[in-house]
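Comments concern the structure below.
The values are calculated or read from the model by the stated rules, or taken from the named source; none is laboratory data. Here the structure is a predicted model, which is why all the values come from computation and not from measurement. Positions of Cβ are generated from backbone atoms using ideal geometry, with glycine treated the same way; all protein chains shown enter the neighbour counts. All accessible areas refer to the heavy atoms of the entire protein, side chains included, with ligands and DNA or RNA removed. Shrake-Rupley method; radii C 1.70, N 1.55, O 1.52, S 1.80 Å.
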Amino acid sequence: MRNTPPAELLRCPEPPPGFPEDEAATVPAPVRAAAIGLATAYAAIAAQLGRLIDWTAPGACAAPARATP
């Protein structure tokens, strides 16, 4: 027997808005590295969740656009 997860668990991840592109900032290297690390980890987890949802409900999540840090 196959159990279907609740609908809330099958909701595809939506990426949060990024940093504003029309602003400038000076960010120290350690802070920049931490921000890149967090963004990279978030992208990996969101991709994993999308793959899991697509495995459960094929075609449910559109392929996300790739962003470069």
Q: Find all pairs meeting these conditions: Cβ atoms under 9 angstrom apart; at least six residues apart or on different chains; first residue within the stretch 15-30 and within 27 Å of GLY50 (Cα to Cα); second residue small (Gly, Ala, Ser) and open to solvent by less than 80 Å² (accessible area, probe 1.4 Å).
A: PRO15/ALA43; PRO15/ALA46; GLY18/ALA39; PHE19/ALA35
Q | One residue from PRO64, PRO16, PRO69 being modelled with pLDDT of 85 or more and in a loop (DSSP other than H, G, I, E, B) | A | PRO16
Q.
Out of everything in the stretch 25-55 that is part of a helix (DSSP H, G or I) and among the hydroxyl-bearing types (Ser, Thr, Tyr), what residue ends up being least open to solvent (accessible area, probe 1.4 Å)?
A. THR40
